[in-house]
């Protein structure tokens with residue numbers, strides 16, 4: 001039986017066990033689940049590829065691709081049986097293999113860019129100190145142990161960081177460099193380098209829980225505080241510039257921009 005039709009091999013094998021009928025039923029059920037989930041995954045991938053990567057496509061579009069895959073499989077089974085379906089599967093795997101090779105090349109390039117980015121961070125790797133923004137060590141210590149609320153952080157961003165952005169932007173524009181200051185998703189300082197990767201220096205007011213050693217208050221809002229955190233294009237930099245002077249912020253922007261230019265130099 002197996003020599004004549006390999007598709008019955010599983011059921012011939014199960015006949016050697018007790019309760020072969022029940023085992024065959026559950027086997028068919030698991031095969032149906034396997035094919036249904038595989039078809040669903042394939043339809044979802046095709047749907048996303050035809051929608052430029054979106055995963056919130058309309059219901060009718062997902063149904064269309066799921067039904068289409070099922071109809072193609074049914075036609076192949078009716079016309080040529082299992083062998084036709086297997087031949088089609090192997091033939092369709094060839095272009096997918098080419099796509100995987102291209103994906104591997106893209107991954108290697110991305111890892112290369114990441115390595116260059118890490119190398120560029122070695123230049124003046126420590127964020128610029130806020131030494132210029134304090135008059136005494138007492139003021140510096142107060143700034144470290146202070147846990148400001150959202151209003152104070154937003155006020156600092158608008159009164160200190162934004163003017164610092166404006167001064168640096170003005171200087172760069174005088175050197176024929178395109179600079180944009182955006183208020184979308186925090187306050188962002190964006191330098192456009194044409195086809196090369198742009199420089200983004202973003203300051204976000206991020207909420208955090210106060211440490212346990214800080215005295216607790218009745219108000220839930222008082223048990224959290226905000227930090228003016230620096231984020232670059234590749235993500236957060238894990239340091240807070242709340243309380244820094246305008247000059248300290250300017251120097252930090254220049255430090256990070258210097259690293260970015262070195263990164264672009266390594267990429268070339």
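The values are calculated or read from the model by the stated rules, or taken from the named source; none is laboratory data. Bear in mind the structure is a predicted one, so any value in this text is a computation, not a measurement. Here the Cβ is made from the backbone with ideal geometry for all residues, glycine too, and neighbour counts use every protein chain on show.
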Would you confirm, using the coordinates I've provided, whether residue 218 is assigned by TED's automatic domain parsing to the domain that holds residue 155, modelled with pLDDT under 90, within 21 Å of residue 140 (Cβ to Cβ) and not in a helix (DSSP H, G or I)?
no
Filtered residue count, region 58-91, keeping only those that are farther than 18 Å from residue 7 by Cβ and loosely packed, with under 10 Cβ neighbours inside 10 Å
3
Residue 26 meets each of (1) modelled with pLDDT under 90; (2) more than 21 Å from residue 85 (Cα to Cα) with one exception, condition (1)
Only one of 223, 237 that is at pLDDT below 85 and within 14 Å of residue 189 (Cβ to Cβ)
237
Of the residues that sit in region 167-192 and are outside any strand (DSSP E or B) and touching a residue at least 60 places away in the same chain (Cβ under 8 Å), which one is farthest from the chain's Cα centre (by Cα)?
167
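Yes or no: residue 207 more than 29 Å from residue 114 (Cα to Cα) and surrounded by fewer than 17 Cβ atoms within 10 Å (Cβ to Cβ)?
It is false that residue 207 is more than 29 Å from residue 114 (Cα to Cα) and surrounded by fewer than 17 Cβ atoms within 10 Å (Cβ to Cβ).
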Which condition number in (1) exposed (fewer than 14 other Cβ atoms within 10 Å of the Cβ); (2) modelled with pLDDT of 90 or more; (3) closer than 22 Å to residue 255 by Cα; (4) out of contact with any helix residue (DSSP H, G or I) (no Cβ under 9 Å at 6 or more places or on another chain) is the one that residue 155 fails?
(3)
So in region 29-57, with the set limited to residues that are in contact (Cβ under 8 Å) with a residue 12 or more places away in the chain and closer than 20 Å to residue 85 by Cα, which one is surrounded by the most Cβ atoms within 10 Å (Cβ to Cβ)?
43
Every listed condition ((1) surrounded by 15 or more Cβ atoms within 10 Å (Cβ to Cβ); (2) at pLDDT below 90; (3) part of a strand (DSSP E or B)) holds for residue 242 save (3)
Members of region 86-124 that are modelled with pLDDT under 75 and in contact with a helix residue (DSSP H, G or I) (Cβ under 7 Å, 6 or more places away or on another chain)
117, 119, 120, 121, 123, 124
Filter pass, residue 78 being at pLDDT 75 or above and part of a helix (DSSP H, G or I)
yes
From (1) under 21 Å from residue 86 (Cα atoms); (2) assigned to a helix (DSSP H, G or I), pick out the condition that doesn't hold for residue 4.
(2)
